[in-house]
Amino acid sequence: MKLKTILVLLYTAAAPLSLWAQTGAQDSTGLPGDNFSLEGALEMFKKAGSPEEFERLINTENNAVNNLDLNGDGETDYIKVIDKKEGDAHAFILQDAVSESESQDVAVIEVEKKGNDNAVLQIVGDEDIYGEQIIVEPKPAEAAQPAPAQATPAPASNVTVNVWAWPAVRYVYGPSYVVWASPWAWRARPVWWRPWHPVRWHVFYGYRAVYRPHYVVVPHHRVVYAHRVYRPVRTTSVIVHNRHQASVNHYRATRTTRTVTGPRGGHVKTTRTTVHGKRGGRTRTTRVRTRN
């Protein structure tokens with residue numbers, strides 16, 4: 001029996017099928033990000049012994065992390081991992097080569113060393129994939145419990161999880177670490193990897209649900225310097241933008257007000273506004289960047 005089937009059985013045993021269908025519908029955004037589990041990516045990073053192994057784990061079908069088909073060719077995409085390092089800050093970029101000439105960032109795992117035997121991290125979903133920056137971090141062990149289906153940011157907390165014990169974290173801060181940049185490209189894939197046909201949203205939701213209890217969506221950047229390292233090298237694709245522009249615009253137009261604390265203390269505020277005209281109401285989204 002495949003691991004994915006086991007995951008579904010475990011999930012459905014814990015919640016009635018009717019509840020599964022209801023919560024799955026609430027959580028679906030219609031965006032590409034529905035098909036990549038940020039929580040699952042962090043779980044694979046936690047298990048991996050190195051960035052190279054992490055790249056393999058997120059591209060393994062049975063781990064139910066990646067279900068992306070950004071270029072619409074009917075097969076899942078290979079996600080490569082690129083480390084941008086500066087001092088004690090690492091930005092592990094999860095990037096999808098969607099054509100011979102274009103790539104699109106899916107998310108970035110930002111890691112910082114805070115002292116001896118102390119490190120923190122967050123994963124940030126790219127706004128072109130998730131409609132806005134979605135920030136996920138580990139929950140404290142005592143707080144791990146079944147999470148609500150909808151990815152609503154939790155209240156800001158001063159509780160941080162020390163991830164120094166994660167093997168990949170200790171590996172990248174070791175003296176022999178060579179900064180990892182995936183060697184694979186559009187027409188160059190590892191021999192062990194074979195693409196598969198993406199599954200439907202409600203099926204993939206069940207596969208990835210097992211990762212949710214240990215991670216939480218938050219409204220603030222806790223990892224500040226690594227985020228600054230990443231922003232200048234963020235990569236986007238015209239192919240992805242054009243293919244998903246309508247669904248991204250629709251998502252942004254229907255979001256309620258949400259404020260995300262930026263790495264420099266500023267805020268990005270998304271405001272939902274209803275404008276009344278001759279033919280009734282329509283919704284307009286305004287994104288305003290402010291600083292403290």
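The numbers here are math on the coordinates, done by the rules we state, and not lab data. Because the structure is a prediction, the values reported are computed rather than measured. Methodologically, a virtual Cβ is constructed for each residue, glycine included, from the backbone with ideal geometry; neighbour enumeration extends over all protein chains shown.
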**OP:** For segment 71-119, go through all pairs of different Cα atoms, get the mean of 1/r, take its inverse, and jot down that Kirkwood value in Å.
**Re:** 12.5
Original post:
Once label points are set 7 Å from the Cα along Cα→Cβ at both K85 and V159, what is their separation, rounded to one decimal in nm?
Top reply: 3.2
**OP:** For segment 242-253, just list the computed ³J(HN,Hα) in residue order, Karplus coefficients 6.51, -1.76 and 1.60, θ = phi - 60°, integers in Hz, with x standing in for Gly and Pro.
**Re:** 5, 6, 10, 4, 5, 5, 5, 4, 5, 4, 5, 6
